[in-house]
Amino acid sequence: MAFDGFLSAFAAVIPALFLAAGVYIYAALVRQISVSIVEPSASPVRGFGWPEAVLATVLVLIFVNGIAASASRNVGSIQTHDLLANAVFSIGLLLFIAAFLRLRRLDLNLLGGFSKIGFGRAAATGGILLLAAYPLVLLAEVVTEKLAHGTLEKQGIIELFIASSSLEQRILIILLAVTVAPLAEEFFFRFFLYGVLKRYFGRGIGVVASAMLFAAVHAHLPSFAPLFVLGICFTIAYEWSGSLLVPMTMHALFNALALIALAFPEVIPQ
């Protein structure tokens, strides 16, 4: 009996240990970022300027307009064609911004750190940092549920995935969630918007503002706090690693794990 009591007590402490570990890891990353000294380079990378600030403002206005439009829609009304249209729009917008930056003679590879670390290292780093971020995100979700007294509606894409009776539709949702969404959203929020905000307002404001917009653009109030925390973790991972591949990996893994959990509700607690 005493041993059973010990196991119960240990099981109750495990979430707190994971949370403490997550806080410690991200606090350590922030500390490393704050004390890091950038060595002067013989050929410094050209950064964002006022044309990028203007384009970033336009991008924010587009997102705000999308948020306002989504607020007037029924969450359960999202259909597969809406996801496809959103994916096409996101890819088109990404290509436009990338072309604009290339015309401005900005080196996207150096700015985004795509060749700074290999894909394997980026995947491993992203996986570890996502594991550390999970307790922080779950804490934000638990607090949100407590404040709402457990009466929270699910995101439209989650409702669509759960209600889907077609394997093809579920595969399409998974592909969009683990490819298009991480690629486009990390480019918009971490690479471009955070880069511009950091350039003109500093790291702190850049991290908070880009994370808030990242959370708001999903147009789902119950998910705002968890996504805000997740956005902060993504930005810290990007700033610390210097490579956009790390938050892209984290984003793809997060979406994949969430959909896997939804696909097997009888095995994985929801």
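What the table below lists for this structure:
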item: Residue match in segment 70-87 (condition: within 25 Å of the chain's Cα centre (by Cα) and either within 23 Å of Val207 (Cα to Cα) or modelled with pLDDT of 90 or more (or both)); result: yes
item: Qualifying residue in segment 100-111 (condition: within 28 Å of Ser70 (Cβ to Cβ) and modelled with pLDDT of 95 or more); result: yes
item: Residue check, Gly120 in a helix (DSSP H, G or I) and under 18 Å from the mean Cα position of the chain (by Cα); result: no
item: Criterion: touching a Ser or Thr at 6+ places or on another chain (Cβ under 9 Å) and among the small types (Gly, Ala, Ser) - qualifying residue of Ala184, Ala209, Ala261, Ala177; result: Ala184
item: Residue count, segment 194-212 (criterion: of a type outside the set (Gly, Ala, Ser), open to solvent by less than 40 Å² (accessible area, probe 1.4 Å) and closer than 13 Å to Phe234 by Cα); result: 2
item: Ile260 vs. criteria open to solvent by 30 Å² or more (accessible area, probe 1.4 Å) and over 15 Å from the mean Cα position of the chain (by Cα); result: yes
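Conditions (1) at pLDDT below 65; (2) polar (S, T, N, Q); (3) assigned to a loop (DSSP other than H, G, I, E, B); (4) surrounded by 12 or more Cβ atoms within 10 Å (Cβ to Cβ), marked per residue:
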residue: Ile14; (1), (2), (3), (4): no, no, no, no
residue: Phe18; (1), (2), (3), (4): no, no, no, yes
residue: Tyr24; (1), (2), (3), (4): no, no, no, no
residue: Gly47; (1), (2), (3), (4): no, no, yes, yes
residue: Ala56; (1), (2), (3), (4): no, no, no, yes
residue: Leu61; (1), (2), (3), (4): no, no, no, no
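The values are calculated or read from the model by the stated rules, or taken from the named source; none is laboratory data. Note that the structure is predicted; figures quoted are calculated from it, not measured. We place every Cβ from the backbone using ideal geometry, glycine too, and count neighbours over all the protein chains shown. All accessible areas refer to the heavy atoms of the entire protein, side chains included, with ligands and DNA or RNA removed. Shrake-Rupley method; radii C 1.70, N 1.55, O 1.52, S 1.80 Å.
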